[in-house]
Each structure stands twice: as structure tokens, then as C-alpha cells.
Amino acid sequence: MIHVCSMNEITKFIEKEKNLRTVYCTKTAVKIFHEWLSKRNETRPINEIAPYDLDNYLASYYQEAKQKNGTEYKPDTLSGYQGRIEYYLKEKGYSFSIVHDKEFAKSRKSLAKKRRELKVNKGKGKYGHTREVITAEEEKILIEKGIIGRESPAALFYAVWLNNKKWLGFHRVPSDRDLKWGDIVLKESSNGLDYLEFVGQMAPTENRVNPKLFETPKAPDTCPVLTWKKYEFRRNPDMKDATSPFYLSILNSPSIYVWCKTQPMGINKLRGVLTYLKEKARSGLENSNHKARKQQDFV
């Protein structure tokens with residue numbers, strides 16, 4: 001005999017599915033946030049982090065968070081993560097609300113700002129698409145080929161340029177040619193992590209939040225803060241003034257210590273950087289695909 005479910009049974013089943021979905025989404029959001037924190041040497045459960053520190057972490061997280069393939073999240077996804085983290089903290093008995101309490105005003109402003117940028121600057125609304133500077137796959141190829149890195153003047157320049165673009169590319173900051181050395185400063189967080197903070201001029205916004213970029217101790221080879229430090233070390237001492245151009249021309253015959261000239265990088269060179277990196281990454285990808293096809297043919 002076929003059992004016909006009553007409305008009460010159907011309602012209970014739907015509620016059970018909703019609860020399972022809530023638990024899964026909450027675990028995912030918290031796990032992603034924990035992974036981001038661990039790269040900054042913060043290993044405490046988020047419900048054990050003091051409001052001031054957690055607010056600062058969240059403010060930076062909303063600005064820096066990316067999907068595994070290197071692309072930006074949709075605005076509603078970031079807001080959803082905020083809600084899931086709020087739900088988790090509430091379940092753990094946390095005394096503050098990251099959505100409502102004044103102690104988390106900074107991170108809420110950061111999230112609102114990021115949402116506006118994604119919608120206006122990137123066209124990434126509910127169903128929009130985003131244009132990435134360099135994809136994660138392309139960046140991996142550029143690193144493997146030595147196009148970006150810290151071992152030569154050119155590789156160091158491209159690495160610094162790419163880090164800045166990934167970090168600041170869609171903030172309303174000065175152009176590459178107008179960016180000054182003093183626009184980006186090195187600071188230290190309360191837990192001893194070094195980070196870069198953009199303190200230069202930005203287009204007026206309702207609630208300004210200075211973009212920050214934290215070091216990644218667990219990935220030192222690609223740590224953007226270590227790359228910036230190397231770039232600082234290789235600059236001519238006369239070009240470390242706050243008003244000096246950020247991007248400097250590269251010496252053809254660098255000395256043991258100084259890799260940069262005392263003149264700004266040419267505007268045409270700066271305009272062509274993205275095209276150059278894309279071409280190098282594309283050729284590397286084509287070579288990889290060609291080798292893979294030859295191996296398949298051999299097998």
C-alpha cells in the first residue's frame with residue numbers, strides 16, 4: 001500500500017532539509033574564514049577572538065576574500081558569509097553581533113564598500129561577471145617560468161605590480177604612473193603580523209576603509225609583503241621618499257644592491273604590463289597543453 005504523506009510530514013521534511021542546508025552553509029563559511037585567518041597566523045576559534053581584533057580581521061577579509069580559482073565572490077555571497085558567521089558565533093554564545101553591534105561597525109563598512117565596488121566597478125551583481133587581472137592558473141605559469149618572482153629586477157617589478165593590481169586594482173586609487181612610494185606603508189598588527197596599508201588619496205566615498213594586505217607566513221615564496229620588502233631593499237635610497245614614484249625604471253646592469261633607476265617607469269611600459277603578462281602566460285599554457293597531447297599520443 002502506497003503511503004501518502006500528510007501536510008505535516010511534508011512540512012517537517014522541508015524544515016529538516018532547510019536545517020541541514022543551514023548547517024552545511026555555516027560550516028563552509030566558517031571554514032573558509034578560518035583558512036584565511038590561518039594564513040595570517042591566527043589559529044584561535046573565531047568565537048574566542050576579542051571583538052576589536054575580529055572586527056579588523058573581518059574588515060580585511062571582506063576586501064581580500066577570493067574564490068579558489070582566484071575570482072571575486074558575488075556581493076550576495078559575501079553578505080551570506082557574514083550571516084553564516086553571525087549564526088555560528090550566536091550558536092557558540094558570542095556576546096556580540098557582527099551584524100548589529102557598534103563593535104563591528106568597521107567590518108560592516110568594509111563589506112558595504114566591497115559590495116559597491118563589485119557591483120559598480122566589476123559589474124558583479126547577482127548574475128554579473130567579473131574580469132580578473134590575471135587568473136590563478138596564469139599566475140602559476142608566470143611563477144614557474146620566472147616571469148614574476150624576486151630573483152631578477154624585471155621579475156620583481158612584475159610581481160609587485162601584479163600584487164598591487166590584485167589588491168588595489170579596483171579601488172579608486174591613483175593610476176600606476178601617479179602612485180607614490182608613500183601611498184603604501186608597512187605596519188604591524190596586534191598579533192605581530194606585518195601588513196601593507198594603502199594610505200594615499202582615494203576617490204571620496206561615504207565610508208573610507210584603507211585597504212590592507214597581510215603577510216602569508218605559510219606561503220613565504222609568494223608572500224606579497226616579503227615581495228614589497230625586497231622591492232624596497234632594491235630601490236635607490238634617494239627614491240624612498242614618500243613623494244617618489246612607486247614604479248621605477250629597471251637598470252639594465254643592476255648593482256649588487258640597487259636594481260632600479262632614479263626615474264619613474266615609462267607610461268607606455270606600465271600600460272603594456274598586463275598584455276605582456278597575459279601573452280607570457282598564454283604561451284606557457286599552450287606549451288603545457290602541447291606537451292600533454294604529445295604524452296597522450298605516446299601512450
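On the protein heavy atoms, probe 1.4 angstrom, tell me the percent of accessible surface of the range 203-276 carried by carbon and sulfur. All intermediate terms of the calculation are to be shown ahead of the outcome.
Values: 2230 of 4140 Å².
Roughly 54 percent of what the probe reaches on the range 203-276 is carbon or sulfur.
Of LYS140/LYS240; LYS27/LYS106; LYS119/LYS218, which pairs sit farther than 27 Å apart, going by alpha carbon to alpha carbon?
LYS140/LYS240; LYS119/LYS218
With every protein chain left in place and a probe of 1.4 Å, what is the accessible surface of ASP241, to the nearest 10 Å²?
Ignoring ligands and nucleic acids, ASP241 comes out at about 80 Å².
Between LYS269 and ASN41, what is the spin-label point distance in nm, taking each point 7 Å from the Cα along the Cα→C-beta axis?
According to this spin-label approximation, the distance is 3.5 nm.
Would you mind counting up the charge near THR216? Only other residues with Cβ under 9 Å from its Cβ, with Lys and Arg at +1 and Asp and Glu at -1.
Working: positive: LYS39, ARG40, LYS218; negative: GLU215.
Summing Lys and Arg as +1 and Asp and Glu as -1 gives +2.
The values are calculated or read from the model by the stated rules, or taken from the named source; none is laboratory data. Being a predicted model, the structure only gives us computed values, none of them experimental. Because the Cβ atoms are built from the backbone with ideal geometry, glycine has one as well, and the counts that use them run over all protein chains shown. Remember, those area values only see protein heavy atoms, side chains included, never the ligands or the DNA or RNA. Shrake-Rupley method; radii C 1.70, N 1.55, O 1.52, S 1.80 Å.
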